[in-house]
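Beneath this line is the structure, given in structure tokens, with notes to follow.
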Amino acid sequence: MKTLKIAIQKSGRLNEKSVELLKNCGLNFENYKSSLISPVSNFPLEILFLRDDDIPEYVQDGIADLGIVGENVIQETEVEVSYLQKLGFGKCSLKIAVPNNNTITDINQLNGKAIATTYPVILGKYLKEKGITSDIRTISGSVEISPGLGLSDAICDLVSTGGTLKSNGLMPFADVMSSEAVLIGSKGSEDNHLVQELIQRIQSVLRAKETKYVVLNVERKNLPAVLALLPGVKSPSVVPLAEGDWVAVHTVIPERDFWDRISQLKQAGAQGIVVMPIEKIIL
Ligand code: PRT
Ligand code: ZN
């Protein structure tokens, strides 16, 4: 059986979450900072640790079958790869930002202006779509200081908290794209059964992250009201308790409406509510 290769970032914002995701998929490997390649002992897979900019091309050329990288990097490198799964981390957006004291109110005012960026391809396409011709200045880093140095009128850079823009006297002006880490594969890799197996493991971990396991006690007479609030993967399990009139209800609920649900459950008569994280949900 051919050993698969997956490329992940060696160090940086996506490294830790990528390693955590693969470990949560039950893959056993050493994560030495010094090594470029790490074999997985319990799955026919090798992990390549690379700079994120190199990952799309490695995957396109089939040197790695799979890769974990930001959508921004994939679009900037214009590679031909298959998008296999969004991974829910490394979220950010690519934005055009202008100095706080600017007079730009309309996107068309960027015509003829200099915009510094490390994303000339994505920015170029965006401006073209809007019919705007700006002077795109490609620089390799610290984009946020360029207006202050008089090198550009605006910037186009990734933003997550917005802190970097703020501390450099800049404000977001237009959203160019939003991005998160994704699993990509060489074209056709999705037909490989090992790739399918890995995607399924990843999906079961992501699904589990979005939900909590909840156990609660309720008096039988209040059970219908409590059950009406619970979706569950199929339907909740109801287990009798030693005390005759009471039952325990086991179910999973989505993380996003967790607090709303819990207070509704309490109002409906639920007691002794225990909430636990879930490791995997295999459908
Ligand atoms: O060494 P290597 O080339 O592998 O890494 P890198 O330095 O090129 O990338 P790295 O580790 O900084 O980012 C990897 C990926 O994380 C990016 O390609 C994005 O997909 C994603 N990501 C998520 C971010 C951010 N959030 C982010 N905030 N990448 C960069 N930033 C930078 C941004 O460029 C700006 O300088 O953080 C600053 C803004 O952050 P806030 O929080 O102040 O808004
Ligand atoms: Zn990089």
Nearest 0.05, what FRET efficiency do VAL215 and THR138 give at R0 = 45 Å with Cβ-Cβ as r?
0.20
Starting from the Cα-Cα distance between LEU151 and ASN102, subtract it from 0.36 nm times their residue separation and give me the gain in nm to one decimal.
16.2 nm
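Quick check on the stretch 1-68: of the DSSP beta bridges with both residues there, what percent are antiparallel, nearest 5%?
On the way: 3 of 11 bridges.
Percentage antiparallel, nearest 5: 25.
Ratio of Rg to Rh for the stretch 211-277, alpha carbon only, Kirkwood?
0.93
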For the stretch 92-179, what is the percent of antiparallel DSSP beta bridges, rounded to the nearest 5?
65
Relative to the longest principal Cα axis of the chain, at what angle does helix 258-267 sit, 0 to 90 degrees, rounded to 10?
30
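In deg cm²/dmol and to the nearest 500, what is the mean residue ellipticity at 222 nm of the chain if only DSSP H runs of at least 4 residues count, each as -39500 (n - 2.57), divided by the residue total? If you can, show how the numbers build up before the last one.
Numbers: 8 runs with 71 residues, N = 283.
Result for the chain, helices only: -7000 deg cm²/dmol.
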Cut-off 10 angstrom, C-alpha nodes, Gaussian network model of the chain. Which of LYS86, LYS266, LYS95 fluctuates the most?
LYS266
25 Å Cα-Cα reach of LYS234 towards lysines, excluding residues that sit fewer than 8 places from it in its own chain
LYS86, LYS209, LYS212, LYS221, LYS266, LYS280
Proximal charge balance of VAL98 [Cβ under 15 Å; K/R count +1, D/E count -1]:
-2
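Normalised radius of gyration for the stretch 75-210, please: alpha carbon Rg relative to 2.2 N^0.38 Å, two decimal places. List each step's numbers first, then the result.
Working: Rg = 18.2 Å, N = 136, 2.2 N^0.38 = 14.2 Å.
Relative to the 2.2 N^0.38 Å estimate, the stretch 75-210 comes out at 1.28.
If the chain between LYS128 and ILE273 were fully stretched, how many nm would it gain, using 0.36 nm times the residue separation less the Cα-Cα distance?
Details: separation 145, 0.36 × 145 = 52.20 nm, distance 5.50 nm.
Here the segment from LYS128 to ILE273 would lengthen by 46.7 nm.
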Hey, can you grab everything whose amide H is under 5 Å from the amide H of MET171? Only 5+ residues off in sequence or another chain; H modelled, so Pro and N-termini drop out.
VAL98, ASN100
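Expressed in nm to one decimal, what extension gain is obtained for the pair SER35 and ASP245 from 0.36 nm per residue of sequence separation less their Cα-Cα distance?
Gain in length upon complete extension: 69.6 nm.
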I'd like the FRET efficiency for ASP53 and LYS234, computed as 1/(1 + (r/R0)^6) with the beta carbon distance as r and R0 of 51 Å, rounded to 0.05.
0.70
Ranked by GNM mean-square fluctuation in the chain (Cα springs under 10 Å), the top entry among VAL79, VAL98, VAL218 is VAL218
Using Cα springs under 10 Å in a Gaussian network model of the chain, which residue among ALA114, ALA97, ALA242 shows the largest mean-square fluctuation?
ALA242
If I model a spin label as a point 7 Å beyond the Cα along the Cα-Cβ vector, how far apart are those points for HIS193 and LYS266 in nm?
5.1
Would you please calculate the Kirkwood hydrodynamic radius of the chain over all C-alpha pairs and express it in Å, rounded to one decimal?
22.1
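If packing is taken as the average count of other Cβ atoms within 10 Å, what order do 203-214, 58-69 fall into, highest mean first? Display every interim value, and only then the final one.
Numbers: 203-214: 18.2, 58-69: 23.2.
Per-residue mean Cβ counts within 10 Å order the peptides as 58-69, 203-214.
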When DSSP beta bridges are limited to those with both residues in the chain, what percentage is antiparallel, rounded to the nearest 5?
75
Using just the C-alpha positions of the stretch 5-114 as equal point scatterers, what log10 of I(q)/I(0) does the Debye formula give at each q in 0.22 1/Å?
-1.22
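None of the figures in this text is laboratory data; all of them are computed from the coordinates on show. Because the structure is predicted, anything quoted here is derived from the model rather than measured. Neighbour counts run over all protein chains shown; Cβ positions are idealised from the backbone, glycine included.
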